[in-house]
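Below is a structure I'd like to ask you about.
The values are calculated or read from the model by the stated rules, or taken from the named source; none is laboratory data. Just so you know, these numbers come straight off a predicted model, no measurement behind them. Note that we place each Cβ from the backbone using ideal geometry, even for glycine, and neighbour counts take in every protein chain shown. Just so you know, the surface numbers come from the protein's heavy atoms only, side chains and all, with ligands and any DNA or RNA stripped out. Shrake-Rupley method; radii C 1.70, N 1.55, O 1.52, S 1.80 Å.
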Amino acid sequence: DAENAKRIVLVTGHYDSRNSDALDGKGDAPGANDDGSGTAVSLECARVLSQLKFSATIIFLTVAGEEQGLNGSHHFAKMAKEQGWNIEAVLNNDIVGGDKSPEQDHSVVRLFSEGLPSAATEQEILRIRGLGGENDSGSRQLARYVADVGRAYRDDVGVKPMLVFRLDRYLRGGDHSSFNQQGFAAVRFTEFREDFHHQHQNVRTENGIEYGDLAKFVDFDYVARVARLNAATLASLASAPAPPANVHLLTKDLENDSTLTWQASPGGLASGYEILWRSTTSPDWEHVEKVGAVLRATLKLSKDNVIFAVRAVDAQGHRSLPVVPLPER
């Protein structure tokens, strides 16, 4: 289906590494966790999912130059934007090796997502702040989608996504931000607790402490669980209909009911739609109402008290990313 094949979901990791000196191109820099682990996730997803057929296109990417300034991902994301690619979701895996430190929690993987979109204009930021939408960027919707997949496939995946509502860790960065800067929804997977002795270090032993990003510190079972979570998310997104278009919340009159309108999901896969809502202080969607194959619905809820979204659903129950409505007067 050429129309749905234009939709792209993407998984990536970076295959370059470094030691204590970022400009040392000759010294040993094994990079097993940062980011051999993320590269392995992308490759394993390709090995498994390439055997199946999906409505949308999945890209299995690895990039270089992350340690030198996100060079590879910046080039790719900029190219995709200039060529008008319809990238719905980017999953960036960076340091997902589950370092074998005693304080590590191997039951969770952190999932970072930006709040205010990096590519938003000043006018768009003013609108977002006025509506209290700082927690509803495309990347936040993607993060919630991953969390939902994690719950649905909890026993099969074996690792729980931990939503972290910030772009990245302090003093650090990652390839997902290159896609954010071009206006794409992108998130970062990272292990729960990093051991900085095993990152960006010359391989050595000092005072009984082993330094260096070596394979012996990587928990391969943990990497496998993160790969399963990525694969399940990619498969869910690539099987689902496109999100509904031009979603609006009518604000012409002062009233306590809330009316939402939207245009049909492009591509013809949707058999119906669902409206989601949550309290303005809730991190995740709390309620859902199936409204069927319609393009307009009114709920007995005050728009002033909740955040709404609309998603498309196909006959097999695959669900699109949610879309938060824009006000329409």
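Can you confirm whether LEU163 is out of contact with any Phe, Trp or Tyr (no Cβ under 7 Å at 6 or more places or on another chain), part of a loop (DSSP other than H, G, I, E, B) and among the aliphatic types (A, V, I, L, M)?
Spelling it out, it is not the case that LEU163 is out of contact with any Phe, Trp or Tyr (no Cβ under 7 Å at 6 or more places or on another chain), part of a loop (DSSP other than H, G, I, E, B) and among the aliphatic types (A, V, I, L, M).
Quick one: which residue in VAL203, VAL159, VAL187 is within 20 Å of ASN33 (Cβ to Cβ), in contact with a Lys or Arg (Cβ under 8 Å, 6 or more places away or on another chain) and of a type outside the set (Asp, Glu)?
VAL159 is the lone residue from the list that is within 20 Å of ASN33 (Cβ to Cβ), in contact with a Lys or Arg (Cβ under 8 Å, 6 or more places away or on another chain) and of a type outside the set (Asp, Glu).
Only residues that are surrounded by fewer than 17 Cβ atoms within 10 Å (Cβ to Cβ) and touching a residue at least 40 places away in the same chain (Cβ under 8 Å): list them for region 132-147, please.
Once the filter is applied, which keeps residues that are surrounded by fewer than 17 Cβ atoms within 10 Å (Cβ to Cβ) and touching a residue at least 40 places away in the same chain (Cβ under 8 Å), region 132-147 yields only GLY132.
Separate question: Going by the structure shown, is SER282 open to solvent by less than 50 Å² (accessible area, probe 1.4 Å) and farther than 17 Å from LEU131 by Cβ?
No.
Just wondering, is there one or more residues in region 201-209 that are touching a His at 6+ places or on another chain (Cβ under 7 Å) and more than 21 Å from TYR15 (Cβ to Cβ)?
Looking through region 201-209, at least one residue is touching a His at 6+ places or on another chain (Cβ under 7 Å) and more than 21 Å from TYR15 (Cβ to Cβ).
Right, another one. Restricting to region 109-128, give me the number of residues that are in contact (Cβ under 8 Å) with a residue 24 or more places away in the chain, open to solvent by 10 Å² or more (accessible area, probe 1.4 Å) and among the small types (Gly, Ala, Ser).
So the count comes out to 3.
How many of the residues in region 278-327 are in contact (Cβ under 8 Å) with a residue 24 or more places away in the chain, of a type in the set (A, V, I, L, M, F, W, C) and assigned to a strand (DSSP E or B)?
The qualifying residues number 11.
Confirm whether LEU299 is more than 27 Å from the chain's Cα centre (by Cα), within 28 Å of ARG151 (Cα to Cα) and open to solvent by less than 60 Å² (accessible area, probe 1.4 Å).
For LEU299, the condition - more than 27 Å from the chain's Cα centre (by Cα), within 28 Å of ARG151 (Cα to Cα) and open to solvent by less than 60 Å² (accessible area, probe 1.4 Å) - is met.
Residue under question is THR12, and the condition is that it be in contact (Cβ under 8 Å) with a residue 24 or more places away in the chain, closer than 30 Å to PRO244 by Cβ, hydroxyl-bearing (Ser, Thr, Tyr) and in contact with a Leu (Cβ under 8 Å, 6 or more places away or on another chain); does it hold?
In short, yes.
Still on this model: So ARG169 clears everything in (1) in contact with an Asp or Glu (Cβ under 9 Å, 6 or more places away or on another chain); (2) open to solvent by less than 60 Å² (accessible area, probe 1.4 Å); (3) touching a residue at least 60 places away in the same chain (Cβ under 8 Å) except one condition, right? Which one?
Going through (1) in contact with an Asp or Glu (Cβ under 9 Å, 6 or more places away or on another chain); (2) open to solvent by less than 60 Å² (accessible area, probe 1.4 Å); (3) touching a residue at least 60 places away in the same chain (Cβ under 8 Å) one by one, ARG169 breaks only (3).
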